[in-house]
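The values are calculated or read from the model by the stated rules, or taken from the named source; none is laboratory data. Nothing here was measured: the structure is a model prediction, and the numbers come from that model. Neighbour counts are summed over all protein chains in view; Cβ atoms, including those assigned to glycine, are modelled from backbone coordinates with ideal geometry.
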């Protein structure tokens, strides 16, 4: 079903986000153009979203047929959605979080708006946006022809966060890291001060006893000479 009367545009159901890069644009390759991007993990059980995506991809292909591909549809059309139970285009398997999902990459030169389901008029703070959260996302497909490569790309629209999820970037929250320690009273360690050792008593010099040499006495007068 076309979203907002645009056959190439889709509003997803609730999906999980990974490789979230929607706060600051980033180039995929050194020297490449910086873009905002995200990967959507679409549950295979959400057949409605998958059907909408397939319809939008076909609409984008029809649009590109006359405008970009000169009336010749590529025999093997490249599309940006993959089976998370399979392998990446590089041949490497997808991560465990992708199992049971369709994996869709979306990007944009324009910064998407990221809002929460409790207030769609206020954008979320960067700390509330992370890989692993759940959201609904607007995406729009388009045809391309670049250096002999022809296919369908996926443009990133806006993001509506619907709930939190376990972070997928290897980072945990403080309440997880410090579970069980929040209310504990921890005594600070005793300072490592060496035991006091009184100084050794001073060794005072003993007074020197001197005896003056007796004066010579005149035996006649009895007086010292």
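Here is how the numbers come out for the structure above:
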read-out: Hits in segment 145-167 - residues which are at pLDDT below 95, surrounded by fewer than 17 Cβ atoms within 10 Å (Cβ to Cβ) and either part of a strand (DSSP E or B) or touching a helix residue (DSSP H, G or I) at 6+ places or on another chain (Cβ under 6 Å) (or both); value: 145, 146, 149
read-out: Qualifying residue in segment 98-108 (condition: at pLDDT below 95 and buried (at least 16 other Cβ atoms within 10 Å of the Cβ)); value: no
read-out: Any hit, segment 44-51, residues being touching a strand residue (DSSP E or B) at 6+ places or on another chain (Cβ under 7 Å), surrounded by 14 or more Cβ atoms within 10 Å (Cβ to Cβ) and not in a loop (DSSP other than H, G, I, E, B); value: yes
read-out: Leading residue by the ranking (farthest from residue 88 (Cα to Cα)) among those in segment 29-43 that are assigned to a loop (DSSP other than H, G, I, E, B) and without any contact (Cβ under 8 Å) to a residue 60 or more places away in the chain; value: 31
read-out: Scan of segment 60-87 for residues that are touching a residue at least 12 places away in the same chain (Cβ under 8 Å) and in a loop (DSSP other than H, G, I, E, B), ordered by number; value: 68, 69, 73, 74, 77, 79, 80, 84, 85
read-out: Some residue of segment 74-86 being more than 31 Å from the chain's Cα centre (by Cα) and loosely packed, with under 13 Cβ neighbours inside 10 Å; value: yes
read-out: Cross-chain or 6+ apart pairs with Cβ under 6 Å, segment 90-115 first and without any contact (Cβ under 8 Å) to a residue 12 or more places away in the chain and at negative phi, then surrounded by fewer than 18 Cβ atoms within 10 Å (Cβ to Cβ) and assigned to a strand (DSSP E or B); value: 93/87
